[in-house]
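Read the figures in this text as sums done on the coordinates, not as results from a lab. Source: prediction; values computed, not measured. Cβ placement follows ideal geometry from the backbone for every residue including glycine, while neighbour counts extend to all protein chains displayed.
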Amino acid sequence: MAEPRNWTRMAIQRHHFELFADYHQFYLQDEQADGNLGDSWTPEATARLLAVAPSTIGVGTVRNMTLPVDVEILDGPPQATLDEWDQVNECSIEVFSGRIVIAACTNYFPDAARIIVTPGTYRARVYYGKLDTLSDNGFEGEDYYRIVLWPGEAIAPSVLKKRSTACR
């Protein structure tokens, strides 16, 4: 009798960050990429809260404040359900240097956090939680963000779960 497959994905790395999301965004990029998302924030990208450029992912946020961000590196696609999340996007990132920088756009680049990975192409699933907790003044909220990366082929950005109109 064949042994059953284990579909549980192994977490290779887990990281937690508190990032100041100035300009309502933060980014992940290959350390050698120029990280310019200026032309990438199209109306479509803004609506999905996700912009991409070569070797760079821009994650849009609902607050322009310090936010909790978790990043997880897996050995394969995540098996988690999308039910608990307000929005879920997927895209890819090419990492040539083996170092992913995670930062807000005005962070001093040399001091920004690095995540060490094997060079290659990674799929990225970006989860957005509690987007509807934003206060009227836009400063308070319980929104949080999670990015899961795993080795995979390059894909165009897509929305796996779209936020409801109740989320601001």
Gyration tensor on Cα atoms of region 95-168, a ≥ b ≥ c root eigenvalues, a/c under 1.5 rounded, else prolate if a/b beats b/c, else oblate, says oblate
The size of the Cβ-based charge dipole (Lys, Arg +1; Asp, Glu -1) of the chain about the Cα centre, to the nearest 20 debye, is 320
Farthest towards the positive end of the dipole of region 11-161, among GLN87, TYR128, ALA154 and with Cβ unit charges of +1 on Lys and Arg and -1 on Asp and Glu, lies the Cα of ALA154
By the Cα gyration tensor axes a ≥ b ≥ c (a/c under 1.5 gives rounded; else a/b larger than b/c gives prolate, otherwise oblate), the shape of the chain is oblate
Taking the alpha-carbon centre of each part, the distance from region 22-69 to region 70-139 in Å is 10
Sorting THR61, ILE12, ASN36 by the position of each Cα along the dipole of region 11-161 (Lys, Arg +1; Asp, Glu -1; all at Cβ), the one nearest the positive end of that ordering is ILE12
Diffing region 114-122: the Karplus 3J(HN,Hα) column from phi (6.51, -1.76, 1.60, θ = phi - 60°), in whole Hz with x for Gly and Pro, holds 10, 10, 8, 9, 6, x, x, 9, 10
Gyration tensor on Cα atoms of region 24-121, a ≥ b ≥ c root eigenvalues, a/c under 1.5 rounded, else prolate if a/b beats b/c, else oblate, says rounded
The local net charge around VAL159, scoring Lys/Arg +1 and Asp/Glu -1 for residues other than VAL159 whose Cβ lies under 15 Å from its Cβ, equals +3
